[in-house]
Structure formats: structure tokens, C-alpha cells
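Enquirer: Here it is, the structure, as C-alpha cells.
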Amino acid sequence: MRETAPGVVALAGALAVVHPSGAAITLASAVSFSLAPLTNPTHVVVKDIDGNGVVDLVITCRDVDGRMCVVRGIGGGVFGPVEILPIEMQTDWCDVVDGDGDGILDIYASVRSGWGRVAFLKGRGDGTFEPPVTTTAGRSGAGLVARDFSGDGRIDVAMANYTSGSLQWWHGTGTGALIERARDLVTPWAVGIPYPFHVASGDFDGDGDVDLVCSATGPTRLVVYRNQGNGNFGAGEVWDVPPVGKERPALSNLAVADIDADGDLDILANGLLLMSPSVTVLWKNDGLGGFAARETRPANMEGYAWTVQVGDLDGDGDSDVLAGSALPGRLTIAEVDAQQGGAYVAVTTKSGGTFLRDMAVADIDQDGDLDVVAVDIAAASVMIYRNQMGGVAGDGGDDGSPATPSFGSAQAAVSWLAAWESSEGSVAGEPPAVCGTGAGLCEEVHETPGCVRTLCCEAVCGFNPLCCEVAWDQPCVDAEEELCDNFNCPSAGSCTEFHPTLACDDEACCLFLCDFDPFCCSSIWDAICAREAVEYCGAAACDIGTVPGAIQLPEPCSSRSDDGCNPAGGEIDPMCPAVYESTLTSDVPRDTDWFNLSALPQSSVRIEFNTECPLMVQVVQGVCSGPLQVRQLTEVPPCGSGAIDVSVEPNLWLVLGVGNRDRVIRGEFPCDLTDPDDPPFVPGYFGLNYRVRFSIGVRPGDLNGDGVVSGVDLTVLLGAWGASGSADLNGDGIVGGSDLTILLSNWG
């Protein structure tokens, strides 16, 4: 399970030096070593994996051949050769924990490829690991954290699905295996793609449970998930990022620490800016898990701020701040004074290669102070900054990094950097493209002529007839690579079932869905593809028409003027009872319509829907700066109808957009009005129109329909505890404490 690359790294310096507390932060200039033959390191964990009392490095990589690595510590800051873990998958993040309870450290790693998975590598106790066992996840795994969320002594896992736009968590069985608990769409009300990237954990509200926090890089928001007990998380609480001048900092990585020393955990992020030097962003905890107090801190940083880390580097008891940047790579060190509210009292910067993707803080040389270990994704190297209290912190200088590219926004820069892959090659871990039945695979040599993808086969054989006459040899495979990128349908595997290969066997459904959801023909036919095949394939467009007296919203479909807590802003104050009709388009940015439910005079309201397109219905509560939380999320199928009952409360919105419970849909519902800023109208698969009707509603909690919330309804709810159904009053998929609160608040 391990190959060894040559090379030994030694770091100069004495051992076991005792330093006085409260000295200045003094990191020496970086000593770096190559991770060759690996490429694109993304994350580093410092742990003693072989039990010899010396810390080692575990490094995930977007390696084109699907490899991770271990670098053993020998002692005194000396590291051995790079040891390869050939797991055949690209990995973005990992946690090193005892996942199966045998007292030996194991690895949980997020698989980055389109077919997202969690890989479990069982440790053998000597620093080596068993081959990975994987658990299927959402699309494109990114940040991951492994902790005991449920309080049962077993390790659980949470992971951000970058392309799916969701946070997903699993319950650990104590054997290393995982059972999915739930997944939550991150900021599903946002017009932009959420791209959740990093996940961190901590007890933010002081109730003894481990909570989660996720960075949403697309809408530039922080999303906090509170543990409601036993590893059940509520809907994400979204907190905004404070602007810097006219620009909003973009986020990627997070760190959790008590920055202001007031006894609770704060949250820190990088703040990438284009029009001014990057900053760090601090959300101060109010002691109850609220983060309304937000600050941006100048960091005097060159390049694009990417990663943050914390640690008491000067021994004074405060959590100091480290920030790493890209293009050029820089390490910025901020000394924190907790007595001044966590203020930065000194900021210095050191050179750091090209792109400091991730950092860890640990005493690697056993001298009693914390050192810094960073990985450079562009240079495929490790950089080590040794702590030398009393030395010189800054070194400045130009390290010869390449010129920075040009971006239109901070969010665009984060998206580009998040997808960094410096070497050419396929995405390791992508399942091979196979399709059809009866013939061999188009991308593999086989002795029989032809291959299973009809259009691909015709294209290749038109170029080289021998491929359909003699055998599908290497020249045929080479031709497939050049000619068949768009010829994936039909293919092997049922359209209505998950299979870890792309496309499916019903040509019409395959062609439709691969256009409607391109992931299905570029990666795998996952559970989302299978579900949408059942619900959307073969569906005909419809016209819901209009009803007399309906209010036509004065929003041309190209204007997007009712987007609420999105950049376009605006909201609709409904009159009740009333009927509204409008359109939804999902051009980029997509259209959302926000109805201000708090303006309704009723205490409860029934809302009915008719729609031509897949309609995502959300009830969102809060203020735009945070917390903003989805209280209910449901879907109405195309050419369908539905209804929800809502108890009217302050700061409550109804948000309508195109999508379903698995994904937000964008780009398939173009505006049908002539607009110079939009491309020419090409009809989509479904219509654009929806109708929403507000009427005096039933009281939430009246489960037996007798007109009053009473003990009978309480009995019904308690009997459905932990399940789903009509007693699920907040629409989160499970009957629990939130539903009980709703029922009791409407008692009588």
C-alpha cells in the first residue's frame, strides 16, 4: 500500500529549547522540500501516525494519478522520504482520527472527482494504511471534518459537496463505515452557485455538542449548522460578510478559535479582495452561537488571501493568526492581543512560494513552541517555518512567483483558485465512460470490432473503418479520445438507477438529461440524475394560463428586481387573499422572487402553487446580514401544483426559484422577452410561468384538522417523533424539537 520516493529532509536547529512566554512571534524563513512525484497537494495534517512519539505529515493531493502521501518525522524537525499512498482517487481534504475504535489512527479523505466519495483508509499502526473503502457522497467532495457529532463515542463525518452545493453528514458505526444522516442545500435561495468549500467544527453555542461551519464561496457567506443533539443538525444559519469599501471579500478557508478570549469560539476566514489588499474576516461569537458582530482586519497581504490558521505562536496564551496567499505565495503572521478584543498588534509577512493552499500549526521539532507547515499546490512542495522566538519575523522580497491573472470579481478569483490543477492529466477517480450493451468499451482496447456508444462508434469507424471491421485496437481508442467527447448516449446503465458510469441506456432520456444536467454525461449517473430521469424525462411542456383578477408582477423576466437578499435586492409585499402570476428564469444569475410574508395581516396563511417549471419553494427567516435560515423547503413538479401552510412571523419570506430538493437549476429557463443584455430566446424544456395564491391558512400544528391545536395534536406529533409526514411542521424531513416548538406556540 505504499511506494517510496527518494529523498530525506533535514531542518536545521537545536532540540528542546525552552522559550519564555509572551515573546514576539519569530518564524524563520521557509525550508521547503518537493513532494515529487506527487502533484497538487491540497491539505496537510500533522499527527503521529506510527506511534513513535514524533509527528508525521499526511497530505491530500489532486494528483493526476490519484495518490496521497505520508512524510515521516524522524525527530528534531527532520523528515524522511515521501511515501506514496496510491488510492487511485484525487483527494482535497482529510482528517486523521481513530475511526474504528482500535486505538490506531485512520484517515477519512474527501474524494474530489465528480463522483464524490468519502474514502476510509484503515491504519495498521506502523504508519501504513489499508486500501481505501469508499462511501458515495454528493458531487465533488471538498472540505471534510471527522468528529463525534452524536456523542456516542464514535467518529462521524461531515463533508462539503462543492458542485452539488450541499453539506452532507454521516453517522459513524465504530468500524470506519458510515451511514448517511442527512444533507442540506447551502444557501439555496442565492442567485449564485453556492460552492461550499471548507468545513470546520466547534461548540459554538456552548451546549456541549459539536456544531459545524461551512464557507459558501459563491454567495460569499458563512453558514453555521447547530447540533440539535445526537448528531442531528438544523438548517444552516447564514451570516453575511462585511464589505470593504465597494467590494465584498470572498471566502475559502476557515479557522475556529477564541480570538478575543471571552470564553466562546469565534470564526475566522480569509478575505480575498481585488481592489485593495486582502484581509482576514472575523465573526465574533456572542456566547450563544450568534455571529452578528463581524470585522475585517487588515493583513498587509500580497496576492490573493486563501487560507487561515490559528495558534499561540508567541506563548502568551492568545490564538495568533496566520494567513496564506496565492500568486504570489505569502505567509502573513498577525500577533493577537486578546486583552484588546483580539486586535492585531503586529503583522509581518514572509515569502511562501506560489500558492499556499493549506497550513497546519504544530511543534514539529520538539522544542516547546509551535511551528508552521504549509503545502504549495502550484509547486507541489511542503514549506516549513520554524518558530525561533527572539529571531527576525519578516523577510519580504520577491520570490519570483508568476504574475497574477485578471479577474472580474473576488468570487471569480476564489472559484478559479479552488479549481487549481497545475499539471495536465485526467481527474483521478473519475469512473471510465462506458455505455450501451453488447459491445466493448469505446475507450478500451478489445478484440472484437465496434464499441457500445453508437454515435461515437460511427464517428471513429468513419475515420478508421478497421475499428468496425477487425478489432477495436489502440488506434481506435486514440480516435475515441479525439472524436467522442459529445457522443455519450445511449450508454450502459438504467436511466432511473444510480450507476458509477456516465450516461444511460434510454437514448432520448439520456440526451435530454445530459443537456439539462451536464454532470450526468461528464462524470457519473448519480442519484440526482436517476431521480430527475424519473420525474422529468418524457415530460411535456404545459401552459398554466392565467386566472381572472390575478396580480401580474411588474418584473420583466430579464430584470430580476425581486431577488430579496441577493444582489438585485427587492421583495414583494403580498395582499391577502390574493393571487400573483409571474415568471422565473434561471439564466446566470438566476431569478428568484421574494414575497415578504411578514407583511401579511393573518397569523397563518395557506400558500398554493401552480407551475410550468420545476419550482423550488422556500420559507426563509431572518435578516440579510444574518442569521438567515431556511425554515421550510419543498418542491412542486413541472406542470404540477402544491400547497404549504405557514405561521406568519417577523422577518419571514417566501422564496420561489427553479430547482428541486437535490439541486438548484440554472441556465435552462431563458428569458422569453427581447433584451439586449440577454442572448436570443430559445425555448427551454418547460414553461417559465408560475402562480402563487395566498389565503387564510390553517393553524400549523392542527394535525387532526379540528380547528384547534390541542392535546390530540400533541399525541399525533409525539407518535411520529423521528419520522416524516404531516407532523413535520417545519419541512426539514424529520419530526423533532422544532416541530414541537411550532405546535406549542400555536396551542389553543
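The values are calculated or read from the model by the stated rules, or taken from the named source; none is laboratory data. Here the structure is a predicted model, which means the values were calculated and not measured. Note that we place each Cβ from the backbone using ideal geometry, even for glycine, and neighbour counts take in every protein chain shown. These accessible areas exclude ligands, DNA and RNA; they are computed on the full protein's heavy atoms, side chains included. Shrake-Rupley method; radii C 1.70, N 1.55, O 1.52, S 1.80 Å.
Enquirer: If I filter the stretch 651-658 for residues that are at pLDDT 90 or above, part of a loop (DSSP other than H, G, I, E, B) and more than 30 Å from PHE519 (Cα to Cα), do I get at least one hit? Even if it seems obvious, please write down each step before you answer.
Expert: Of the stretch 651-658, the ones at pLDDT 90 or above are 651-658.
Of the ones still in play, those that are also part of a loop (DSSP other than H, G, I, E, B) are 651.
Still in the running and more than 30 Å from PHE519 (Cα to Cα): 651.
Within the stretch 651-658, one or more residues are at pLDDT 90 or above, part of a loop (DSSP other than H, G, I, E, B) and more than 30 Å from PHE519 (Cα to Cα).
Enquirer: Would you please list the contacts, defined by Cβ atoms under 8 Å and residues six or more apart or on different chains, that run from a residue in the stretch 621-635 that is free of Cβ contacts under 8 Å to residues at least 40 places away in the same chain and within 17 Å of ASP728 (Cα to Cα) to a residue that is open to solvent by 50 Å² or more (accessible area, probe 1.4 Å) and part of a loop (DSSP other than H, G, I, E, B)?
Expert: Correct list of pairs: GLU635/ARG661.
Enquirer: So which residues in the stretch 527-537 are over 12 Å from CYS495 (Cβ atoms) and open to solvent by 20 Å² or more (accessible area, probe 1.4 Å), if there are any at all? Give the derivation first.
Expert: If we filter the stretch 527-537 for residues that are over 12 Å from CYS495 (Cβ atoms), which is where we start, we get 527-528.
Answer for the stretch 527-537, where residues must be over 12 Å from CYS495 (Cβ atoms) and open to solvent by 20 Å² or more (accessible area, probe 1.4 Å): just ALA527.
Enquirer: Given the conditions (1) in contact (Cβ under 8 Å) with a residue 40 or more places away in the chain; (2) out of contact with any Pro (no Cβ under 7 Å at 6 or more places or on another chain); (3) surrounded by 16 or more Cβ atoms within 10 Å (Cβ to Cβ), and given that ILE524 satisfies all but one, which numbered condition is not satisfied?
Expert: (2)
Enquirer: Can you find, within the stretch 253-286, the residue that is nearest to GLY303 (Cα to Cα) among those that are touching a Leu at 6+ places or on another chain (Cβ under 7 Å) and in a loop (DSSP other than H, G, I, E, B)?
Expert: ILE259
Enquirer: Quick one: is CYS504 open to solvent by less than 30 Å² (accessible area, probe 1.4 Å), assigned to a helix (DSSP H, G or I) and either among the charged types (D, E, K, R) or in contact with a helix residue (DSSP H, G or I) (Cβ under 8 Å, 6 or more places away or on another chain) (or both)? Walk me through how you get there before you give the answer.
Expert: Numbers: open to solvent by less than 30 Å² (accessible area, probe 1.4 Å): yes; assigned to a helix (DSSP H, G or I): no; either among the charged types (D, E, K, R) or in contact with a helix residue (DSSP H, G or I) (Cβ under 8 Å, 6 or more places away or on another chain) (or both): yes.
Spelling it out, it is not the case that CYS504 is open to solvent by less than 30 Å² (accessible area, probe 1.4 Å), assigned to a helix (DSSP H, G or I) and either among the charged types (D, E, K, R) or in contact with a helix residue (DSSP H, G or I) (Cβ under 8 Å, 6 or more places away or on another chain) (or both).
Enquirer: Which residues, taken from the stretch 329-370, are of a type in the set (Asp, Glu), touching an Asp or Glu at 6+ places or on another chain (Cβ under 9 Å) and either open to solvent by 10 Å² or more (accessible area, probe 1.4 Å) or under 21 Å from TRP93 (Cα atoms) (or both)? Break it down into steps so the answer makes sense when it comes.
Expert: Initially, the stretch 329-370 is screened for residues of a type in the set (Asp, Glu), giving 335, 337, 358, 363, 365, 367, 369.
Still in the list and also touching an Asp or Glu at 6+ places or on another chain (Cβ under 9 Å): 335, 337, 363, 365, 369.
Correct list: GLU335, ASP337, ASP363.
Enquirer: Let me ask another. Starting from the stretch 496-510, keep only residues that are charged (D, E, K, R), then list their pairs with residues that are surrounded by 19 or more Cβ atoms within 10 Å (Cβ to Cβ) whose Cβ atoms are within a distance under 6 Å, requiring at least 6 positions of separation or different chains.
Expert: GLU497/ALA530; ASP505/PRO490; ASP506/CYS495; GLU507/CYS489; GLU507/PRO490
Enquirer: (1) open to solvent by less than 30 Å² (accessible area, probe 1.4 Å); (2) within 28 Å of GLU535 (Cβ to Cβ): which one isn't true of GLN632, the others all being true?
Expert: Result: GLN632 passes all but (1).
Enquirer: Do we find a residue being more than 28 Å from PHE197 (Cα to Cα), surrounded by 15 or more Cβ atoms within 10 Å (Cβ to Cβ), modelled with pLDDT of 75 or more and of a type in the set (A, V, I, L, M) anywhere in the stretch 438-455?
Expert: yes
Enquirer: Same structure again: Taking the stretch 210-226 as the region of interest, how many residues are part of a loop (DSSP other than H, G, I, E, B) and more than 15 Å from ARG147 (Cβ to Cβ)? Give the steps one after another, and end with the answer.
Expert: Let us first name the residues in the stretch 210-226 that are part of a loop (DSSP other than H, G, I, E, B), namely 210, 217-220, 226.
Now drop any that are not more than 15 Å from ARG147 (Cβ to Cβ), which leaves 217-220.
So the answer is 4.
Enquirer: Here's something else I'd like to know. Can you name the residue in the stretch 510-521 that is surrounded by fewer than 22 Cβ atoms within 10 Å (Cβ to Cβ) and more than 20 Å from ALA137 (Cα to Cα) and is also modelled with the lowest pLDDT among such residues?
Expert: Top of the filtered list is ASP515.
Enquirer: For the stretch 600-637, give me each residue that is more than 25 Å from the chain's Cα centre (by Cα) and either within 11 Å of LEU652 (Cβ to Cβ) or charged (D, E, K, R) (or both). Working first, answer last.
Expert: Narrowing the stretch 600-637 to residues more than 25 Å from the chain's Cα centre (by Cα): 600-613, 636-637.
Within the stretch 600-637, LEU600, VAL605, ARG606, GLU608, GLU612 meet the criteria.
Enquirer: Could you run through the stretch 23-64 and say how many residues are open to solvent by 20 Å² or more (accessible area, probe 1.4 Å) and either free of Cβ contacts under 8 Å to residues at least 60 places away in the same chain or closer than 17 Å to LEU144 by Cβ (or both)?
Expert: Number satisfying all stated conditions: 6.
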